[in-house]
Amino acid sequence: METLQKMKKPKSIIPLFKVFVDDKVSNEVTKVLYSGFIGQGAKVEEFEGLLKNYFRNYLVATTNAATSAEHLALHLLKNPASNNMFMDGVASYKSHWPGINPGDEVLTTPLTCTATNWPILANGMKIKWVDVDPNTCNMDLDDLARKITPKTKAIMAVHWGGYPIDLNKLADIQNQASRIIGFKPAVIEDCAHAFGSTYKGKKIGNHGNICTFSFQAIKHLTTGDGGALVLPHKELYDRAKLLRWYGIDRETNSKDFRCEDDIKEWGYKFHMNDINATIGINNFDTVTEKLLQRNIDNANFYNNELSGVKGIQLMECKSDRQSTYWIYTIKVENRDAFMDYMRDCNIMVSRVHERNDKHTCVKDYKAILPNLEKLVDEMICIPCGWWVTDEDREYIVNCIKKGW
């Protein structure tokens, strides 16, 4: 590998994020724009078909944003009569589900985008913060187990950077809670970072929980903006499809097409449109067949080259799970100085997300989170995506080795 002195500083900054739009997108979107139908139609159905085949799960409903998917996921849990089946990743079972009532809590991580946690507030639920695992940036499952009470109705689990949380241990905690409080708190997996990631050989989205995905601009797969729900059983799936579009059944409506049948449960305007779906359709093959693997290859390069480097600590990387590395996180000594140094090297770095518990709007939910307090002063993300060339990643590693 070349020494830093011999390597030329890039003329422009190596970005931490970049939007991927396939060359096919422009023409195909133009066709939709002038087709006379740009709302939720055939293209949304086609995009959902691609997702269903990819996840090998037919219970996929797209939305206009991941935030909408999070909001709808929580709303689906409010009804005690319609949510009596969940899955533990091995077998389905019937279990008393009391619904979510005023004053009930959602246990969640503060280390995530606010899109994970603000829907909790929007649904009238209370937040209870769980500390983080400093080796993964995911939720600390031991702290989670300690904080479950009869008021705990749901758990929001984020796969930070794409690295799956220990879903088996999480299921064990649910089972233990059921024995103590009489029901299993529902798990919602926020998979915004984890499109294509796997746990125990199965793609994230297939382990028996409600899962939400993001297709926002800078995610692995973008639709411009958009999201999706992957549901654990058909009852929730059917309700999600209704409630994402006001509660109207678009498939069996028997009246005048502008005059809907009776709406039994009101819903939202959370559906995806054909413009966004067309972007996703035409990005899909390149992302899933090439770009995800490039992220993984870049991360593996860093895992090998940065292991043992003084002042650098790598995150956990277990063989039973595969991250697709939406971001690549490390811990460094003197993080602020590291950021200044990397900026001088023309390399963009960032913590990516501010801890959510510091915002004024959640001041009523303060908690002591010692792991997070230390982690936020050490963690930093370096460029890892499909746009990072072999030359770029060698330059990044050499900058870190020479200057840190």
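Quick notes on this one:
- Just one residue in the set Asp225, Asp190, Asp274, Asp262 is within 22 Å of Phe20 (Cβ to Cβ) and open to solvent by 60 Å² or more (accessible area, probe 1.4 Å); that residue is Asp225.
- Among the candidates Leu375, Leu369, residue that is out of contact with any helix residue (DSSP H, G or I) (no Cβ under 8 Å at 6 or more places or on another chain), within 26 Å of Asn117 (Cα to Cα) and either acidic (Asp, Glu) or open to solvent by less than 40 Å² (accessible area, probe 1.4 Å) (or both): Leu375
- Checked against (1) touching a Cys at 6+ places or on another chain (Cβ under 6 Å); (2) closer than 27 Å to Cys113 by Cα, Cys345 passes all but condition (2).
- Residue match in segment 153-171 (condition: open to solvent by less than 20 Å² (accessible area, probe 1.4 Å), within 24 Å of Asn101 (Cα to Cα) and of a type outside the set (A, V, I, L, M)): yes
- Among (1) surrounded by fewer than 24 Cβ atoms within 10 Å (Cβ to Cβ); (2) over 13 Å from the mean Cα position of the chain (by Cα); (3) in a helix (DSSP H, G or I); (4) not hydroxyl-bearing (Ser, Thr, Tyr) - the single one Asn135 does not satisfy: (3)
- Where a residue in segment 318-343 is at negative phi and its partner, wherever it lies, is of a type in the set (Asp, Glu) and modelled with pLDDT of 95 or more, with Cβ under 8 Å and at least six apart: Lys331/Glu378; Val332/Glu378; Glu333/Glu378; Arg335/Asp377; Arg335/Glu378
- Filter pass, Gly182 being more than 15 Å from the chain's Cα centre (by Cα), modelled with pLDDT under 95 and open to solvent by 10 Å² or more (accessible area, probe 1.4 Å): yes
- Taken together, the residues in segment 26-53 that are within 29 Å of Ile204 (Cα to Cα), in a helix (DSSP H, G or I) and of a type in the set (S, T, N, Q) amount to 1.
- Residues located in segment 323-353, provided they are among the basic types (Lys, Arg) and touching a strand residue (DSSP E or B) at 6+ places or on another chain (Cβ under 7 Å): Lys331, Arg335, Arg351
- Check on Phe47, modelled with pLDDT under 95 and crowded, with 21+ Cβ neighbours inside 10 Å: no
The values are calculated or read from the model by the stated rules, or taken from the named source; none is laboratory data. Please read these numbers as outputs of a predicted model, since none were measured by experiment. Neighbour counts run over all protein chains shown; Cβ positions are idealised from the backbone, glycine included. When the accessible area is computed, the model is the full protein with side chains, heavy atoms only, and any ligands, DNA or RNA have been set aside. Shrake-Rupley method; radii C 1.70, N 1.55, O 1.52, S 1.80 Å.
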